[in-house]
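Structure, as structure tokens:
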Amino acid sequence: MDDCIFCKIINGEIPSVKVYEDDRVFAFEDINPIRDGHTLIIPKSHAENIWEMSAEDMAAVAKAARKLAGAIRKALDPAGIACLQLNGRAVNQLVMHYHLHLIPQKEDDPELTMTAWKLVAGDMDRIGKTGEKIAAAVS
């Protein structure tokens with residue numbers, strides 16, 4: 001896609017700090033990192049979100065995420081790692097090219113708001129009905 005910043009990064013039109021590349025994915029350091037080591041993994045084929053992505057590209061991103069999480073662990077020794085992926089402007093996806101964030105977390109780092117929500121018991125009837133709808137829609 002001509003106007004996609006991530007496609008331009010893949011094509012070398014915009015510089016990046018590349019940490020991994022294979023035939024299906026490209027991974028680089030986020031230029032607005034939440035933490036040192038904040039890494040983005042993107043498919044080389046343009047797909048705006050999870051709904052547009054091929055199963056093959058999804059599998060390639062997951063495989064690269066495992067490899068890169070290991071590399072981040074070895075290089076930075078975090079206490080944990082957050083894997084975050086947003087789909088659509090309603091959840092604050094800013095670049096409309098599928099991307100998975102790997103965000104390392106040390107013990108003394110401030111909590112990531114995406115990993116610190118209040119647990120509130122849900123309505124089990126509503127949960128059950130919603131689960132039934134989703135299960136019925138699986139193809």
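Computed from the coordinates by the stated procedures, all read-outs in this text should not be read as laboratory data. Fair warning: this is a prediction, and the values are worked out from it, not measured in the lab. Note that each Cβ is placed from the backbone with ideal geometry, even for glycine, and that neighbours are counted across all protein chains shown.
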Give me the net charge for the shell around Lys63: Cβ to Cβ below 10 angstrom, other residues only, Lys and Arg +1, Asp and Glu -1. +2
Order of Lys44, Lys18 from fewest to most other C-beta atoms within 10 Å? Lys18, Lys44
Need the full-extension length gain, Ile14 to Arg89, defined as separation in residues times 0.36 nm minus the C-alpha distance. One decimal, nm. 24.7 nm
Give the residue from Met124, Ser45, Asn92 lying farthest towards the positive end of the charge dipole for the chain; charges sit on Cβ (+1 for Lys and Arg, -1 for Asp and Glu) and the dipole is referred to the Cα centre. Met124
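Kirkwood hydrodynamic radius for the range 31-97: how many Å is it when counted over pairs of different Cα atoms?
Kirkwood hydrodynamic radius for the range 31-97: 13.2 Å.
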Quick note on His97, His38, ordering by fewest other C-beta atoms within 10 Å, gives His38, His97
Acute angle (nearest 10 degrees) that the helix 55-76 long axis makes with the longest principal axis of the chain, alpha-carbon atoms: 70 degrees
Sketch the reach of a paramagnetic label on Lys63 as a point 7 Å from Cα along Cα-to-Cβ, and name the residues of the range 27-46 whose backbone nitrogen lies under 15 Å away. 27, 42-45
Per-residue Cβ contact counts at 10 Å, fewest first, order Tyr98, Tyr20 as Tyr20, Tyr98
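Give me the mean projected area, in nm² to one decimal, of the convex hull enclosing the Cα positions of the chain.
Its Cα hull, projected and averaged over all orientations, spans 10.4 nm².
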Let me check I've understood the local charge: for Ile34, count other residues with C-beta under 13 angstrom from its C-beta, Lys and Arg +1, Asp and Glu -1. What total comes out? -3
Angle between the chain longest axis and helix 124-137 axis [Cα atoms, degrees, rounded to 10]: 60 degrees
